[in-house]
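Have a look at the structure below, then the notes.
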Amino acid sequence: MKLLLVEDSEALRRPVVKALKASGFAVDATGDGQEGLWMALENDYDVIILDIMLPGLDGREVLKQLREVNNETPVLFLTAKDSIEDRVAGLRLGADDYLVKSFAIEELIARVEALARRKYQHRSPKLMVADLVLDRSAKTVLRAEQPIVLPSQLYALLEYLMLHADSVISRTQIEHHIYDEQVSPTSNVVDTAICALRKAISVSKTNPPLIHTRRGMGYMISAQKP
């Protein structure tokens, strides 16, 4: 999943970004509300983590402007206040969840995952295509009940494909969603990753291929032959 973190405290932003990336997320981050709004409008994020108190443009105004242009990306507000009035005001603007500072990173990750499941309309943390099962909560992958260990980037790629099972995903979509703004993918990075992923999930010669290439269009994961 790809996240946007808008938090002006560098002392908080840096360790949160580090922890999120260690958990397999692609993360863009900024400490400025105006820049955060621009990034949210220019990119497709699974979840936006938004501090309320920001310089220039505060979190409430960022959220208000996003909702005014029908950007429905789930937003998790970070706040130093825990009053009913603050929570109600944010929810009425279109926030999806609240987390009060100081928080445990494990709770932040759990709330982000819950919001992403809601976005993709998956109540269960498990994604399934044929005998391939990805558990987004446990961060595990099974094929025919055999465990598959994937590096974080291949896990993110598989998760993205499975969230859009039976749909063609372009190379550009994959690049934008899997890699954060600090990474400039080379021209063949997606093809190489797809090749590695195909090998990783082929635990037996009898396993039918699940990742299919649509020439000139992109890739699709499906139990059905294209």
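The values are calculated or read from the model by the stated rules, or taken from the named source; none is laboratory data. On a predicted model such as this, the values are computed, not experimentally measured, just so you know. Don't worry about glycine lacking a Cβ; one is built from the backbone with ideal geometry, like all the others, and counts go over all protein chains shown. Keep in mind that these areas ignore ligands, DNA and RNA; they rest on the heavy atoms of the full protein, side chains included. Shrake-Rupley method; radii C 1.70, N 1.55, O 1.52, S 1.80 Å.
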* Exclusive hit being open to solvent by less than 50 Å² (accessible area, probe 1.4 Å), among the β-branched types (V, I, T) and within 23 Å of Y160 (Cβ to Cβ), set V62, V27 -> V27
* Which of the residues that make up segment 67-95 are open to solvent by less than 50 Å² (accessible area, probe 1.4 Å), more than 17 Å from M53 (Cα to Cα) and not basic (K, R)? -> N71, T73, P74
* strands (runs of 3 or more DSSP E) fully within segment 1-120 counting 3 or more residues that are in contact with a Phe, Trp or Tyr (Cβ under 8 Å, 6 or more places away or on another chain) and closer than 27 Å to E175 by Cβ -> 2-6
* Structure fact -> Reported set for segment 33-57 where residues are open to solvent by 60 Å² or more (accessible area, probe 1.4 Å) and either among the aromatic types (F, W, Y) or over 20 Å from K119 (Cβ atoms) (or both) is Q34, E35, W38, M53, P55, G56
* Hey, V133 among the aliphatic types (A, V, I, L, M) and closer than 25 Å to V17 by Cβ or not -> no
* Asked: Taking interchain pairs and intrachain pairs at least six residues apart, which have beta carbon atoms under 7 angstrom, with the first residue in segment 174-197 and at pLDDT 85 or above and the second open to solvent by 20 Å² or more (accessible area, probe 1.4 Å) and outside any helix (DSSP H, G or I)?
  -> none
* Structure fact -> Of the conditions (1) surrounded by fewer than 17 Cβ atoms within 10 Å (Cβ to Cβ); (2) out of contact with any Gly (no Cβ under 6 Å at 6 or more places or on another chain), the single one that R136 does not satisfy is (1)
* Asked: Out of the residues in segment 5-20 that are farther than 19 Å from L54 by Cα and in contact (Cβ under 8 Å) with a residue 60 or more places away in the chain, which is surrounded by the most Cβ atoms within 10 Å (Cβ to Cβ)?
  -> L20
